[in-house]
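Have a look at the structure below, then the notes.
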Amino acid sequence: MIELISPQPGGVMRSPYLIIGRAKGDFFVNGYLSVVLVDAQGKVIAGSLAQTREDVEEGGGWVDFQAELNFSILEPIAGELLFRKDNPSGLPEQKIQVSYPVRLEP
């Protein structure tokens with residue numbers, strides 16, 4: 001559902017960081033998808049909305065996106081990028097999240 005171009009899974013991120021990737025069209029809501037950066041304990045470090053400049057069709061093919069994350073840390077730590085599909089219904093079966101490990105550096 002999500003393919004990262006930058007960073008690569010397990011790659012290093014320094015703030016500010018431009019995330020580049022692509023996602024299936026049905027992962028977007030109104031041309032956006034949620035991106036959250038958390039530490040190894042799940043604490044939110046940063047968040048943003050990834051945006052596409054393409055028309056997104058429901059159930060469509062792959063769509064390119066970008067998102068900028070700004071964060072502040074004092075030492076290198078393990079982190080995780082979470083990509084979340086909006087779930088306005090609140091139904092658990094509609095909750096979709098894709099995650100990738102990353103390494104964060106000051």
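Here is how the numbers come out for the structure above:
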| quantity | calculated |
| --- | --- |
| Computed label-point distance, nm, for sites residue 32 and residue 97 using a 7 Å Cα→Cβ extension | 1.9 |
| Whole-Hz couplings from phi, Karplus 6.51/-1.76/1.60, listed for segment 76-83; x for Gly and Pro | x, 9, 7, x, 8, 8, 10, 10 |
| Kirkwood-type radius of the chain, with distances r between different C-alpha atoms, in Å | 14.0 |
| Interchain or long-range residues, amide H under 5 Å from residue 46's placed H | 37 |
| 5 angstrom amide H check on residue 13, placed H, neighbours 5+ away | 103, 104, 105 |
| Highest average packing first - 33-43, 18-28, 89-99, Cβ atoms within 10 Å | 18-28, 33-43, 89-99 |
| The chain: relative contact order as a whole-number percent, Cα under 8 Å and 6+ apart | 33 |
| Residue-by-residue Karplus 3J(HN,Hα) for segment 34-51, coefficients 6.51, -1.76, 1.60, Hz, glycine and proline x | 7, 10, 10, 10, 10, 8, 4, 8, x, 6, 5, 9, 7, x, 7, 10, 6, 10 |
| For segment 57-100: Kirkwood Rh in Å [reciprocal of mean 1/r, alpha carbons] | 13.8 |
| Karplus-derived 3J(HN,Hα), 6.51/-1.76/1.60, for each residue of segment 95-106, Hz, glycine and proline x | 7, 10, 9, 10, 10, 9, x, 9, 10, 9, 10, x |
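No value in this document is a laboratory result; all are computed from the given coordinates. Predicted, not measured: the structure shown is a model, and the values here were computed from it. Methodologically, a virtual Cβ is constructed for each residue, glycine included, from the backbone with ideal geometry; neighbour enumeration extends over all protein chains shown.
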